[in-house]
Amino acid sequence: EKQGFKHFMLKEIYEQPGVVRASLEAYFNTEVNSGESFQSPVKLGLPEQFYADLEQIHIVACGTSWHAALIGKYLLEQLAGISTQVHYASEYRYAPSPPTANTLIIGVTQSGETADTLAALAMEKERRQGKEAKYQARLLGITNRPESSLGHLVPHIINTLAGIEIGVAATKTFVAQLMAFYALAIDLAYHRQTVAPDKLADIIQGLRQIPKEIEATLESQEKLTEHLAHEFAETQDFIFLGRGINFPIALEGALKLKEISYIHAEGYPAGEMKHGPIALLDAKVPVVAIAFPGTVYEKVISNAQEAKARDSRLIGVTPVSDGEAGEIFNDLLPVSSVDELLSPILTVVPLQLLAYHIAARRGLDVDQPRNLAKSVTVE
Ligand code: M6R
């Protein structure tokens, strides 16, 4: 069943181009017309109530799904102009935000069985009982298992199309969740007219290129990450830095590494380093920085320079190989140059491979790491 791969996790990493293709087919209309006759390019089947006078969104999730939600927040705010908050489900269930009719609640859970996420959504459902219909309708689940408990709890689902994921470390389900958020944010941007139709068509066109760019990344990274894994197999601490839409990828890279390799790793928004964590840095602590051209590229480079000044070995996940990037990074994990808005689907791939190869190198049980279960059905 592993189809020649040593572990399910590696197989699932390699399935990601296919997951993106399946999502593109399911979520987007192939005929994208422009100008006056422009129809929503997205087919999520959500009712009109979702779009009318929506004022804010709260997202609840745990773990990797929470990281996907952070990228979702970026897209929903920057594309659709809707104020969005992301909550740990385990926190939100005991300290929810005040209820308002024009708030959409989204639960993200690949398994659809995570106890805290279900409890947070059940609490929301309960406090909406007896209110106006639109209020009750504004509960949405994003899941890889529509037949799960989540499917029975909420009135609307976006089905993610990762197929069954066996490795405990979420990889292809994360990419599938990102695709759901692109579709939702583009759909809302279309209905709210916050982005010009031509620009939305460009974004979708960019998404259509992503599968082959992931394939190119997989091809170029396999050897590079394996080589780095050899050097870092005994490293005790790692720092991951990112900003903007790639900050959650720093968190995700750190989570992947700690859960399967048992190496201590922290993800930070690069600009926060100087407010404390920089004290951790020395020659023994490598820093992985995601430096993607766009709104924060120069800032990340200058934050990376601060780390370099503390003797940290610097690994850059970036499409840039010359100039400052070429000079300051000790090692490059190159990714293709795409629109910054789409970059997280690419930048996460080398970090998944790095975590995988380090754990495999350490001889660990990659698919079934200690102390973890595929779905956390207890509080
Ligand atoms: O099934 P869910 O998406 O609700 O699971 C949430 C987390 O338990 C999960 O993402 C966990 O963090 C993964 N093992 C991360 O790789």
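Listing for the model above:
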{"quantity": "Set Lys73/Lys374; Lys43/Lys374; Lys199/Lys223; Lys73/Lys125 screened for pairs whose C-alpha atoms are more than 27 Å apart", "calculated": "Lys43/Lys374; Lys199/Lys223"}
{"quantity": "Estimated inter-spin distance, Glu231 and Glu306, nm [label 7 Å along Cα→Cβ]", "calculated": "2.4"}
{"quantity": "Distance histogram for the stretch 178-228 (every C-alpha pair counted, 10 angstrom bins, percent rounded to whole numbers)", "calculated": "22, 36, 21, 16, 4"}
{"quantity": "Angle between the chain longest axis and helix 63-78 axis [Cα atoms, degrees, rounded to 10]", "calculated": "70"}
{"quantity": "Estimated [θ] at 222 nm from DSSP helical runs (n ≥ 4, -39500 (n - 2.57)) normalised by residues in the chain, nearest 500", "calculated": "-14500 deg cm²/dmol"}
{"quantity": "Cα-based radius of gyration of the stretch 66-166 once divided by 2.2 N^0.38 Å, which approximates compact folds", "calculated": "1.04"}
{"quantity": "In nm, spacing of pseudo-spin labels at Glu379 and Lys6 (7 Å Cα→C-beta vector)", "calculated": "4.2"}
{"quantity": "The chain, accessible surface, carbon-and-sulfur percent (1.4 angstrom probe)", "calculated": "49"}
{"quantity": "Residues with amide H under 5 Å from that of Phe240, placed H, sequence gap 5 or more", "calculated": "Glu266, Gly267, Tyr268, Val288"}
{"quantity": "At 1.567 mPa s and 4 °C, Stokes diffusion of the chain via Kirkwood alpha-carbon radius, µm² per second", "calculated": "61"}
{"quantity": "Relative compactness, the stretch 280-344, computed as alpha-carbon Rg over 2.2 N^0.38 Å", "calculated": "1.06"}
{"quantity": "Overall form of the stretch 92-136 per C-alpha gyration tensor (a/c, 1.5; a/b vs b/c)", "calculated": "prolate"}
{"quantity": "C-alpha long axis of helix 115-128 to longest principal axis of the chain, angle in °", "calculated": "30"}
{"quantity": "Added length on full extension, which subtracts the Cα-Cα distance from 0.36 nm per residue, Asp202 to Glu91", "calculated": "36.2 nm"}
{"quantity": "For the stretch 288-370, accessible area per residue (1.4 Å probe, heavy atoms of protein chains only), Å²", "calculated": "36"}
{"quantity": "Heavy-atom surface of the stretch 14-123, accessible at 1.4 Å and reported per residue (Å²)", "calculated": "39"}
{"quantity": "For the stretch 234-379, alpha-carbon Rg and Dmax in angstrom", "calculated": "15.1, 50"}
{"quantity": "Under-5 Å amide H pairs with Ser343, H placed in peptide plane, nonlocal only", "calculated": "none"}
{"quantity": "Packing rank of 96-103, 295-302, where each peptide gets the mean count of other beta carbons within 10 Å, highest leading", "calculated": "295-302, 96-103"}
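The values are calculated or read from the model by the stated rules, or taken from the named source; none is laboratory data. None of these values were measured; they are calculated from a predicted model. Every residue, glycine as well, gets a Cβ built from its backbone with ideal geometry; the counts of neighbours run over all protein chains shown. Keep in mind that these areas ignore ligands, DNA and RNA; they rest on the heavy atoms of the full protein, side chains included. Shrake-Rupley method; radii C 1.70, N 1.55, O 1.52, S 1.80 Å.
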